[in-house]
Each structure stands twice: as C-alpha cells, then as structure tokens.
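First comes the structure, then the notes that go with it.
The values are calculated or read from the model by the stated rules, or taken from the named source; none is laboratory data. In this text, all values refer to a predicted model and were calculated from it rather than measured experimentally. Neighbour counts run over all protein chains shown; Cβ positions are idealised from the backbone, glycine included. Keep in mind that these areas ignore ligands, DNA and RNA; they rest on the heavy atoms of the full protein, side chains included. Shrake-Rupley method; radii C 1.70, N 1.55, O 1.52, S 1.80 Å.
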Amino acid sequence: MNILVVGSGIMGNGIAQVFAQAGHKVVLHDLNMEILDVARRNIAGQLAMMARNDLISEEIINIALHNIRLSDNLSDCTQDTDMVIEAIPEKLALKENLFSQLEMLCPPKTIFATNTSGISINKLAQGLQRKSKLVGTHFFMPAHLIPLVEVICGEETADETVAVVMAALTGAGKKPVKVAVDLPGFIANRLQHALAREAMSLVQKGVATAEGVDEVVKSSLAIRLLFTGPMEQRDFNGLDTHLSIASYLYEDLEDAHKPLKILTDKVAAGKLGLKTGEGFYDWSSQDKDQVNSRKNQELIDILKFLKQKEQNPKN
C-alpha cells in the first residue's frame with residue numbers, strides 16, 4: 001500500500017513510522033526539508049528505542065527507514081497514493097484547504113483519512129466531492145506506541161473505505177475501533193474528559209490534592225482498566241449493584257457544561273503544565289525531555305508486558 005502522511009510533527013512522524021515498519025511505502029510530506037530531516041531523526045530514534053526494548057527487531061529499523069521517503073512537494077507525492085493520512089494542526093480551515101488540494105491531485109482510488117482529535121468528519125466532508133472516501137483515523141500520542149486508533153465514520157463514508165482502513169491498521173499492529181457516529185470527542189476523549197472533569201472537581205472542592213486523586217486512579221482504576229473496560233467491569237460487579245449505586249451517586253457527580261474554575265484560573269495564570277513548569281504539579285525542577293522520556297519508557301514497559309501476556313496467555 002502506498003501511503004502519504006501530510007504533517008511530520010509528533011503525530012505525523014509516529015504515524016509514518018507505524019506503516020513503514022509494517023512494510024508499506026510511505027511518503028512523509030511537510031513544508032520544507034529541514035522540518036522533514038528532524039522528523040526522520042526522530043523516527044530513527046523511536047525505532048532504536050523500540051528495538052532496545054525488544055518491541056521490534058533490529059532488521060525492522062532498516063526496513064522502516066528504507067520505506068519512508070521525504071517530500072516537501074505535495075503534487076510530487078500524490079500520483080499513486082492509496083491512502084492519505086492528514087496530521088496537520090487542528091484548524092478546520094487548514095484541513096479543508098488541504099483536502100481540497102488532495103482531491104485535485106490524488107487518483108480516484110485514494111482514501112482520505114484525518115487524524116483529527118475532535119473536528120467533525122461530516123463538517124470536513126462538506127466541501128469534498130468524494131465524501132465516501134473520507135474517514136477519521138484518530139491516533140493517540142505517542143502514535144508509534146499506543147495501540148488504539150479510532151476510525152470515525154462520516155454520514156457518507158463508504159463501508160468499503162472503513163473496511164480498507166481497519167484492515168490496514170490491523171495489519172500494522174494497531175487495534176482499530178469503529179466509531180459509527182460522528183460525535184464530538186469520539187469515544188476516548190469523551191471518556192477521558194469525563195474522568196478529568198470529576199478529578200478536577202474533587203480537587204476544586206478540597207476533597208483531595210491533585211496527587212491524591214491521581215494516586216487513587218493509578219493504584220486502583222488504572223490497574224484494573226488495563227484488562228477490563230468499564231462495560232465489562234459493570235458485568236463483573238453486577239448490573240443490579242451498579243444501578244443501585246448509580247441511583248444515588250449520579251445526582252452528585254460533577255455535571256458542569258463549561259470548564260471548571262480551577263482549570264480556567266490556571267490557564268489564565270499561564271500555569272499550563274509541564275511545558276510552562278507548573279500546572280496541577282510543580283515541574284520547574286525537572287527537565288521536560290527527561291520527563292517525557294521516562295513516561296515513554298514506562299509505557300514501553302507496559303507494552304512489553306502486554307505483548308508477553310498475549311504470546312503466553314496461560315502464564
């Protein structure tokens with residue numbers, strides 16, 4: 001399969017790597033070669049880290065790098081493209097303009113996929129002639145490590161388009177989930193924001209510190225959720241038990257329809273988290289790159305464990 005990835009930032013280079021290491025021919029496009037050279041170095045580093053941790057073989061590094069071609073000329077890399085994955089900034093006008101260009105440049109067979117994390121697929125499709133060829137592919141950061149990809153259907157997305165994309169993702173080692181209705185936040189972000197809203201509410205009310213709330217999640221829910229999703233867990237607990245608890249708890253849960261004051265105040269004060277040195281935590285004494293590297297290594301350790309578990313389910 002010939003795949004074009006447009007946008008070589010953190011998400012784009014990870015997406016290109018995923019398909020290249022699975023044997024697909026990938027063109028990675030961006031505005032200039034300087035940006036693309038940085039992306040290629042990042043991909044090489046990510047592949048090396050995966051090989052050091054036995055997630056891929058050393059041989060895959062050479063295969064993946066050989067399968068990636070860099071291009072700063074969009075019209076030069078669209079002639080025989082089977083699928084385009086857009087990974088440019090989350091601005092509707094930019095994405096609409098790009099897909100308009102792609103529709104003129106790409107052959108009729110080309111599938112258009114957008115790595116948006118929340119922009120409506122239906123809205124993106126409005127200006128296109130080939131609405132049946134447009135689908136959402138929401139990867140999660142870091143894209144080369146996180147298994148899930150949400151595949152979002154627009155109202156006019158063809159079943160064949162979805163089937164091809166799902167098969168390509170599965171073949172590349174991902175775990176795609178079909179999102180049959182194009183709604184804000186899709187699935188993962190809706191769940192993530194519901195949890196974050198309740199967590200922030202608890203801190204705002206003085207129930208616990210940010211560290212305390214996080215410890216509750218990491219030492220209970222997070223461990224269980226690795227192996228049992230929220231729907232399956234309800235079956236384990238008993239739906240009658242869940243109904244009994246829900247009947248008194250739901251009315252007390254946070255249901256704000258606007259971002260909470262604790263969040264808006266921190267943003268207004270420039271306390272944006274790791275990137276500014278302070279958010280809910282004080283990061284001022286820590287190196288940002290070292291923190292990200294440590295988190296990626298922790299994620300890799302979990303993926304190695306899950307991989308071993310899949311290979312030896314009885315152990």
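Give the residues of segment 207-236 that are open to solvent by less than 60 Å² (accessible area, probe 1.4 Å) and either in contact with a helix residue (DSSP H, G or I) (Cβ under 6 Å, 6 or more places away or on another chain) or not in a helix (DSSP H, G or I) (or both), sorted by residue number.
ALA208, ALA210, VAL213, THR228, GLY229
Tally up the residues in segment 116-142 that are open to solvent by 20 Å² or more (accessible area, probe 1.4 Å) and touching a Phe, Trp or Tyr at 6+ places or on another chain (Cβ under 6 Å), please.
Within segment 116-142, residues that are open to solvent by 20 Å² or more (accessible area, probe 1.4 Å) and touching a Phe, Trp or Tyr at 6+ places or on another chain (Cβ under 6 Å) number 1.
If you take the residues in segment 45-55 that are farther than 23 Å from HIS138 by Cα and either aromatic (Phe, Trp, Tyr) or in contact (Cβ under 8 Å) with a residue 12 or more places away in the chain (or both), which one is surrounded by the fewest Cβ atoms within 10 Å (Cβ to Cβ)?
Per the stated criteria, the residue is ASP54.
Among the residues of segment 58-80, is any under 30 Å from ASP301 (Cα atoms), out of contact with any Lys or Arg (no Cβ under 8 Å at 6 or more places or on another chain) and of a type in the set (D, E, K, R)?
Looking through segment 58-80, at least one residue is under 30 Å from ASP301 (Cα atoms), out of contact with any Lys or Arg (no Cβ under 8 Å at 6 or more places or on another chain) and of a type in the set (D, E, K, R).
Conditions tested, residue by residue: (1) at negative phi; (2) open to solvent by 10 Å² or more (accessible area, probe 1.4 Å); (3) touching a residue at least 40 places away in the same chain (Cβ under 8 Å).
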| position | (1), (2), (3) |
| --- | --- |
| ILE10 | yes, yes, yes |
| GLU34 | yes, yes, no |
| ILE60 | yes, yes, no |
| ILE63 | yes, yes, yes |
| LEU70 | yes, yes, yes |
| THR81 | yes, no, yes |
| LEU94 | yes, yes, no |
| LEU98 | yes, yes, yes |
| GLU103 | yes, yes, no |
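Being β-branched (Val, Ile, Thr) and either assigned to a loop (DSSP other than H, G, I, E, B) or open to solvent by 50 Å² or more (accessible area, probe 1.4 Å) (or both) is the filter; apply it to segment 143-160 and report the residue that is nearest to ILE43 (Cα to Cα). Talk me through it step by step, then tell me what you get.
Of all residues in segment 143-160, those β-branched (Val, Ile, Thr) come to 146, 149, 151-152, 157.
Still in the running and either assigned to a loop (DSSP other than H, G, I, E, B) or open to solvent by 50 Å² or more (accessible area, probe 1.4 Å) (or both): 146, 157.
Values: ILE146: 15, THR157: 31 Å.
Among those residues, the one meeting the criterion is ILE146.
Checking the structure you have, find out if any residue of segment 161-176 is at pLDDT 95 or above, more than 30 Å from MET50 (Cβ to Cβ) and open to solvent by 50 Å² or more (accessible area, probe 1.4 Å).
There is no residue in segment 161-176 that is at pLDDT 95 or above, more than 30 Å from MET50 (Cβ to Cβ) and open to solvent by 50 Å² or more (accessible area, probe 1.4 Å).
Which residues, taken from segment 268-315, are open to solvent by 70 Å² or more (accessible area, probe 1.4 Å) and either assigned to a strand (DSSP E or B) or basic (Lys, Arg) (or both)?
LYS271, LYS275, GLU278, ASP282, LYS288, ARG294, LYS295, LYS307, LYS309, LYS314, listed by residue number.
The rows are residues; the columns are (1) over 19 Å from the mean Cα position of the chain (by Cα); (2) at pLDDT 95 or above.
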| residue | (1), (2) |
| --- | --- |
| ILE3 | no, yes |
| HIS29 | yes, yes |
| SER71 | yes, yes |
| CYS77 | yes, no |
| MET83 | no, yes |
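What do you reckon, is LEU239 open to solvent by less than 80 Å² (accessible area, probe 1.4 Å) and at pLDDT 95 or above? Before you say what the answer is, go through the steps one by one.
On the way: open to solvent by less than 80 Å² (accessible area, probe 1.4 Å): no; at pLDDT 95 or above: yes.
The answer is no for LEU239.
Among the candidates ALA113, ALA167, ALA163, which residue alone is over 21 Å from LEU183 (Cα atoms), not hydroxyl-bearing (Ser, Thr, Tyr) and not in a loop (DSSP other than H, G, I, E, B)? Don't jump to the end; show me each part of the working.
On the way: ALA113 fails: over 21 Å from LEU183 (Cα atoms); ALA163 fails: over 21 Å from LEU183 (Cα atoms).
Among ALA113, ALA167, ALA163, only ALA167 is over 21 Å from LEU183 (Cα atoms), not hydroxyl-bearing (Ser, Thr, Tyr) and not in a loop (DSSP other than H, G, I, E, B).
Please specify each residue of segment 22-32 satisfying the condition of being open to solvent by 40 Å² or more (accessible area, probe 1.4 Å) and either assigned to a helix (DSSP H, G or I) or under 28 Å from GLU59 (Cβ atoms) (or both). Quick ask: steps written out before the conclusion?
So the first thing to find is which residues in segment 22-32 are open to solvent by 40 Å² or more (accessible area, probe 1.4 Å), and the list is 22-23, 25, 31-32.
Passing the criteria: ALA22, GLY23, LYS25.
In this structure, does ILE61 turn out to be touching a Phe, Trp or Tyr at 6+ places or on another chain (Cβ under 7 Å), at pLDDT 95 or above and in a helix (DSSP H, G or I)? First the steps, then the outcome.
Values: touching a Phe, Trp or Tyr at 6+ places or on another chain (Cβ under 7 Å): no; at pLDDT 95 or above: yes; in a helix (DSSP H, G or I): yes.
In short, no.
Would you check if there is a residue in segment 251-262 being assigned to a helix (DSSP H, G or I), free of Cβ contacts under 8 Å to residues at least 24 places away in the same chain and open to solvent by less than 100 Å² (accessible area, probe 1.4 Å)?
Looking for residues that are assigned to a helix (DSSP H, G or I), free of Cβ contacts under 8 Å to residues at least 24 places away in the same chain and open to solvent by less than 100 Å² (accessible area, probe 1.4 Å), one finds none in segment 251-262, hence no.
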